[in-house]
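The values are calculated or read from the model by the stated rules, or taken from the named source; none is laboratory data. Keep in mind that this is a model prediction, so the values were computed, not measured. Here the Cβ is made from the backbone with ideal geometry for all residues, glycine too, and neighbour counts use every protein chain on show. Areas reflect the complete protein model, heavy atoms only, side chains present, ligands, DNA and RNA absent. Shrake-Rupley method; radii C 1.70, N 1.55, O 1.52, S 1.80 Å.
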Amino acid sequence: MSTPSQCLQRDTQRLCQALQLDVAESRLEVRVLLGHALGVGRAWLIAHEHDEIPDIALAAYGKMLDRRMAGEPVAYILGEKEFFGRRFIVTPDVLIPRPETELLVELALGKLASMRTARILDLGTGSGCIAITLALARPDCEIIATDQSAAALAIARENATQLGAKVIFHQGNWYHALPQDAGKFDLILSNPPYIARDDAHLDALTHEPHTALAAGADGLDDIRKIVQGAKTHLNPGGWLLSEHGWDQAEACRELLEQAGFTKVQTETDLAGHGRISFGCQSG
Ligand code: GLN
């Protein structure tokens, strides 16, 4: 027999050791997996910590814990991840939405605040988290999202349907995904792949789609293409915003300035790293 309390004690320890997580993080993950297996929330688990867990739930929990012990991210095990207060479906075909990307969305909403309506382009939409969040916050705007991966777009479409967001999706490589008559945009944004090909961190990311992560020798290949292409796809006064690696802010600002963008700036994430750079298309 096992109770939530016993699982928490035993498995927090195991998870800590297997993945070198700290105790608080492991405890939280065990709670989340247990709650998911039992179909209950945190409060229930605490109130029933000495109840026996039914066999079926215990077996489901055991399977999920094994996957986690093997290094699979919790979001892929649960099949979902929260972004901007909403649940997004995720599979290994898409990157798991991250808190840093919420900052990108917040910045975009700030730029949009002064626009009565706008045409928005989200390049490399993955799970669709950016485009869908913007569509729900600004239903007056027209939002187009692209991705090279058909599998990723299928997930993004499913998320848009489930969350009731109106987004137009196109498959293809960056701006090549757009139809001939796509017209110009007032805001282009992206969380593109930005990890250098030889970065040791890539090897640690064994479950995530590498095409969504790696971008050439210096990690800037895709950002270069996005910045270059933005010139011909933005209206005068329009903004380009891109997420990037913690050490790429200066390089990104340089790319934006070289391409003729004005008001070029970087915004810092909660960890204090320059994380989003943006610039304005001069009139
Ligand atoms: N736009 C998606 C996200 O921010 C996917 C990003 C990516 O695949 N590089 O999560």
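Residues that are open to solvent by 30 Å² or more (accessible area, probe 1.4 Å) and basic (Lys, Arg) were ranked within the stretch 57-76; the one that is nearest to His36 (Cα to Cα) is Lys63. What are the residues in the stretch 161-180 that are open to solvent by 40 Å² or more (accessible area, probe 1.4 Å) and either in a strand (DSSP E or B) or within 14 Å of the ligand (Cβ to nearest atom) (or both), if any? Matches in the stretch 161-180: Ile168, His170, Gln171, Asn173. The condition (being in a strand (DSSP E or B), on the phi < 0 side of the Ramachandran plot and of a type in the set (Val, Ile, Thr)) is satisfied by just one residue among Ile96, Ile120, Ile77: Ile120.
Could you tell me whether Val30 is open to solvent by 80 Å² or more (accessible area, probe 1.4 Å), more than 16 Å from the ligand (Cβ to nearest atom) and in contact with a Ser or Thr (Cβ under 8 Å, 6 or more places away or on another chain)? In short, no. Residues that are in a loop (DSSP other than H, G, I, E, B) and surrounded by fewer than 21 Cβ atoms within 10 Å (Cβ to Cβ): does the stretch 142-152 have at least one? There is at least one residue in the stretch 142-152 that is in a loop (DSSP other than H, G, I, E, B) and surrounded by fewer than 21 Cβ atoms within 10 Å (Cβ to Cβ).
Quick grid of which residues meet (1) among the polar types (S, T, N, Q); (2) touching an Asp or Glu at 6+ places or on another chain (Cβ under 8 Å); (3) in contact (Cβ under 8 Å) with a residue 12 or more places away in the chain:
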{"position": "Pro192", "(1), (2), (3)": "no, yes, yes"}
{"position": "Glu208", "(1), (2), (3)": "no, no, yes"}
{"position": "Ala212", "(1), (2), (3)": "no, no, yes"}
{"position": "Gly216", "(1), (2), (3)": "no, yes, yes"}
{"position": "Ala230", "(1), (2), (3)": "no, no, yes"}
{"position": "Leu234", "(1), (2), (3)": "no, yes, yes"}
{"position": "Glu243", "(1), (2), (3)": "no, yes, yes"}
{"position": "Thr262", "(1), (2), (3)": "yes, no, yes"}
{"position": "Gly279", "(1), (2), (3)": "no, yes, yes"}
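Being more than 13 Å from the ligand (Cβ to nearest atom), over 24 Å from Ile144 (Cα atoms) and either in a strand (DSSP E or B) or of a type in the set (D, E, K, R) (or both) holds for only one residue in Lys263, Lys231, and it is Lys263.
The set of residues from the stretch 90-107 being more than 12 Å from the ligand (Cβ to nearest atom) and buried (at least 18 other Cβ atoms within 10 Å of the Cβ) comprises just one member, Leu107.
Please work out if Ala131 is open to solvent by less than 10 Å² (accessible area, probe 1.4 Å), at pLDDT 95 or above, in a helix (DSSP H, G or I) and away from the ligand (no atom under 11 Å from the Cβ). Spelling it out, it is not the case that Ala131 is open to solvent by less than 10 Å² (accessible area, probe 1.4 Å), at pLDDT 95 or above, in a helix (DSSP H, G or I) and away from the ligand (no atom under 11 Å from the Cβ).
So, in the stretch 215-255, exactly how many residues are small (Gly, Ala, Ser), farther than 30 Å from Gln180 by Cβ and open to solvent by 10 Å² or more (accessible area, probe 1.4 Å)?
Final tally of qualifying residues: 3.
If you filter the stretch 189-225 down to residues that are of a type in the set (Val, Ile, Thr) and within 13 Å of the ligand (Cβ to nearest atom), you find that the one that is farthest from the chain's Cα centre (by Cα) is Ile223. Return yes when Glu158 is among the acidic types (Asp, Glu) and either out of contact with any strand residue (DSSP E or B) (no Cβ under 8 Å at 6 or more places or on another chain) or surrounded by 17 or more Cβ atoms within 10 Å (Cβ to Cβ) (or both) and no when it is not. In short, no.
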